[in-house]
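Below is one structure, written out as structure tokens; comments come after it.
The values are calculated or read from the model by the stated rules, or taken from the named source; none is laboratory data. Bear in mind the structure is a predicted one, so any value in this text is a computation, not a measurement. Reconstructed Cβ throughout: ideal geometry from the backbone, glycine too, with neighbour counts over all protein chains shown. Surface areas here come from the heavy atoms of the whole protein model, side chains and all, with no ligands, DNA or RNA. Shrake-Rupley method; radii C 1.70, N 1.55, O 1.52, S 1.80 Å.
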Amino acid sequence: MAFVTQQQIQKFRKDGFLVLEHFFTAEECDSMRNQIQRIIAEMEVPPHCRTEFSTKEEEQIQVQGSSDYFLTSGDKIRFFFEKGVLDQRGDFIIPKEKSISKIGHALHAHDPVFKQITHSSKVQELGRKLGLERPVVVQSMYIFKQPGIGGEVTPHQDATFLHTEPLGRILGFWIALEDATQENGCLWFIPGSHTSGINRRMVRAASGSSSCVEFVGSEPLYDDSQFIPLPVSKGGLILIHGEVVHKSELNSSESSRHVFTFHVMEAKDTSWSKDNWLQPTPELPFPSLYT
């Protein structure tokens with residue numbers, strides 16, 4: 001059982017992130033990888049749902065925004081693809097298991113393997129060590145970072161997409177299911193960048209707009225030299241403060257970088273923004289992390 005010290009928690013509060021190596025076992029990582037292969041094998045992708053995932057702002061607005069598929073994925077298991085893997089007709093140019101970018105956003109609720117990991121006793125214990133009183137799980141994703149085509153994720157703060165009042169109530173759990181290296185696209189962080197609020201928000205657009213989401217504010221240009229890489233080995237957990245600035249580079253290597261990640265909100269005295277793209281539904285209210 002991974003044990004977290006007060007010293008590590010202080011480091012998390014100072015930096016906005018914390019690496020806990022070998023938090024999950026190789027067996028737990030492999031069970032998630034095997035389960036996702038089963039999910040992909042059964043995947044049927046309706047042609048109109050073949051969205052490409054992108055972090056470039058305009059494409060994000062155009063592709064995700066026009067896509068009801070994305071906006072209504074909060075309580076479902078849905079599939080998002082890398083750019084350039086589908087032809088004009090929406091057929092796969094490369095094998096489907098190599099073309100997928102991520103699966104989201106409710107694996108933690110609908111899949112027994114991911115549910116068990118999300119609510120595992122060591123995650124619950126970590127939540128308690130961090131002082132979370134009423135944590136709820138708001139979303140989860142399996143991210144593939146495919147060899148050679150796994151796209152970069154530009155610098156961002158998670159609270160841009162998951163806004164709360166007050167801020168400081170969102171926490172990401174990022175689990176490396178394979179070694180994450182500088183070659184295959186590990187995370188990079190700006191230490192201490194979680195203390196000055198957020199720079200932009202992605203909100204649901206007013207009805208009648210051409211897209212479903214829009215950005216308010218803009219991401220500043222960050223200096224590359226401010227970022228430090230955080231390679232982590234298989235089974236490692238990175239805790240990510242909702243306002244810390246982080247990114248990952250294109251995967252130019254020949255190995256994938258599979259990750260399971262989920263976000264938790266401290267629900268005590270917190271309100272979830274009605275403008276967030278992701279909303280709890282009657283079918284899936286945000287489940288408590290503690291069971």
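Report, to the nearest whole %, how much of the accessible area of the chain belongs to carbon and sulfur atoms, 1.4 Å probe, protein only. Could the numbers behind the result be given before it?
Working: 6670 of 12900 Å².
With neighbouring chains kept in place, the figure for the chain is 52 percent.
Leaving out ligands and nucleic acids, note down the accessible area per residue over the chain with a 1.4 angstrom probe, in whole Å².
For the chain, the solvent-accessible area averages 44 Å² per residue.
Counting Lys and Arg as +1 and Asp and Glu as -1, what is the net charge of the other residues whose Cβ lies under 12 Å from the Cβ of Ser253?
Here the charged neighbours net out to -3.
On the first, second and third principal axes, largest extent first, how far apart are the outermost C-alpha atoms of the chain in Å?
Reported extents, whole Å, longest axis first: 55, 43, 43.
Along the charge dipole of the range 152-291, Cβ charges K/R +1 and D/E -1, which of Ser256, Thr164, Thr281 sits furthest on the positive end?
Thr281
Provide the net charge surrounding Ala206, with neighbours chosen by a C-beta distance below 11 Å and charges set as Lys +1, Arg +1, Asp -1, Glu -1.
On the way: positive: Arg204; negative: Glu214, Asp275.
With Lys, Arg at +1 and Asp, Glu at -1, the net is -1.
Can you compute the charge dipole magnitude of the range 7-272 about its Cα centre, using +1 on each Lys and Arg Cβ and -1 on each Asp and Glu Cβ, nothing else charged? Give it in debye, rounded to the nearest 20. Before the final figure, lay out each step's value.
Numbers: 28 positive and 35 negative charges, 123 e Å.
The dipole of the range 7-272 has a size of about 600 debye.
For Lys268 and Asn34, calculate 0.36 nm times their separation in residues minus their Cα-Cα distance, and state this gained length in nm to one decimal. Before the final figure, lay out the partial values.
Values: separation 234, 0.36 × 234 = 84.24 nm, distance 3.56 nm.
Computed gain between Lys268 and Asn34 is 80.7 nm.
Considering only the other residues whose Cβ falls under 10 Å of the Cβ of Ser193, what net charge follows from Lys and Arg at +1 and Asp and Glu at -1? Each step should come with its number before you reach the end.
Working: positive: none; negative: Asp15, Glu243.
Taking every other residue near Ser193 into account, the sum is -2.
Take Phe92 and Lys11, extend 7 Å from each Cα along the Cα→Cβ direction, and tell me the distance between the two endpoints in nm.
4.0 nm
Strictly over 19 Å apart at the Cα level, which of Lys11/Lys115; Lys14/Lys129; Lys145/Lys234; Lys76/Lys102; Lys145/Lys247 would you flag in this model? Before the final figure, lay out each step's value.
Values: Lys11/Lys115 28 Å; Lys14/Lys129 16 Å; Lys145/Lys234 15 Å; Lys76/Lys102 13 Å; Lys145/Lys247 13 Å.
From the list (Lys11/Lys115; Lys14/Lys129; Lys145/Lys234; Lys76/Lys102; Lys145/Lys247), the Cα-Cα distance tops 19 Å for Lys11/Lys115.
Once you place label points 7 Å from the Cα toward the Cβ at Gln182 and Ala41, how far apart are they in nm?
Here the answer is 3.9 nm between the modelled labels.
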